[in-house]
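K.L.:
Handing you a structure now.
The values are calculated or read from the model by the stated rules, or taken from the named source; none is laboratory data. Everything numeric in this text was worked out from a predicted model, so none of it was measured. When we count neighbours, we look across all protein chains shown, and the Cβ atoms used for this are built from the backbone with ideal geometry, even at glycine.
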């Protein structure tokens, strides 16, 4: 194949058949993660997410869906993680996340009860 053929194939593959958000799928870890402290976001291809955070024995995991609005990630927790009187789950719908060149970053502090995360989360 010629170089021009490769360019045309690459252009076609990147322009058609791929969604605007294909590059966002993956696992993102906070740059503030440490020995027993972590904040992780997993964006799945089916537009669901898993958010995990913890500090020592205090750990939380939340699931839901994600969308893009005005170049911002918007999360919606699954119903069982909203208004729970027994366990404090972070409501990821309370803040948007900015998509940056190096990863994703919450626009406000995400308080999981264990960890307060506000640093950029880089793709792993």
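K.L.:
How about the range 1-100: which strands (runs of 3 or more DSSP E) wholly inside it have at least 2 residues that are modelled with pLDDT of 95 or more and over 21 Å from residue 116 (Cβ atoms)?
P.N.:
Values: elements: 26-30, 37-43, 48-55, 58-69, 72-77, 97-100.
In the range 1-100, the matching strands (runs of 3 or more DSSP E) lie at 58-69.
K.L.:
List pairs: first residue in the range 26-42 and touching a residue at least 12 places away in the same chain (Cβ under 8 Å) and on the phi < 0 side of the Ramachandran plot, second residue loosely packed, with under 13 Cβ neighbours inside 10 Å and assigned to a loop (DSSP other than H, G, I, E, B) anywhere in the structure, Cβ distance under 6 angstrom, at least six positions apart or on different chains.
P.N.:
From residues that are touching a residue at least 12 places away in the same chain (Cβ under 8 Å) and on the phi < 0 side of the Ramachandran plot, the pairs are 27/124; 29/124; 36/56.
K.L.:
Look at the range 72-89 and say how many of its residues are surrounded by fewer than 13 Cβ atoms within 10 Å (Cβ to Cβ) and either without any contact (Cβ under 8 Å) to a residue 12 or more places away in the chain or touching a strand residue (DSSP E or B) at 6+ places or on another chain (Cβ under 6 Å) (or both).
P.N.:
So the count comes out to 6.
K.L.:
Within the range 103-113, is there a residue that is within 18 Å of residue 52 (Cβ to Cβ), modelled with pLDDT under 95 and assigned to a helix (DSSP H, G or I)?
P.N.:
no
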